């Protein structure tokens with residue numbers, strides 16, 4: 001008899017709690033309310049930005065560690081610019097890379113010996129790290145990409161299927 005009294009008391013209490021939870025959930029998802037498009041009470045005013053004052057720090061003082069006066073870099077550059085003769089600067093030639101295609105990696109089970117399959121100008125080459133073929137030096141690589149060096153320029157070549 002005692003168990004039936006508990007059911008009569010607890011069942012309405014559980015229904016009441018679940019009803020309150022569901023009411024809270026569905027009350028927040030009410031789409032009837034719309035936000036106003038423009039608020040006449042709101043007006044934007046541009047900010048006043050004051051121009052900053054610039055300043056320079058005078059660093060012509062004695063170096064506390066060396067005991068010598070500070071010499072600016074501009075003064076030393078001006079002195080050396082007049083003493084040297086003008087050099088003719090060559091424009092570097094446009095470097096044309098050969099056609100390089102990385103096809104994959106062949107490795108032993110321990111992964112110590114790696115051989116990379118490259119196609120350089122439509123010729124197949126099997127290269128290890130440090131090998132050179134047709135002036136192309138294989139610097140580093142993994143199963144997804146390799147680094148090759150050609151006439152001093154380094155390039156990353158991605159795996160192509």
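The values are calculated or read from the model by the stated rules, or taken from the named source; none is laboratory data. This is a predicted model, so every value here is computed, not measured. Because the Cβ atoms are built from the backbone with ideal geometry, glycine has one as well, and the counts that use them run over all protein chains shown.
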Scan the range 148-158 and tell me whether some residue there is over 27 Å from the mean Cα position of the chain (by Cα) and either under 13 Å from residue 100 (Cβ atoms) or surrounded by 11 or more Cβ atoms within 10 Å (Cβ to Cβ) (or both).
yes
Please go through the range 63-100 and give me each residue that is modelled with pLDDT of 80 or more and not in a loop (DSSP other than H, G, I, E, B), ordered by number.
100
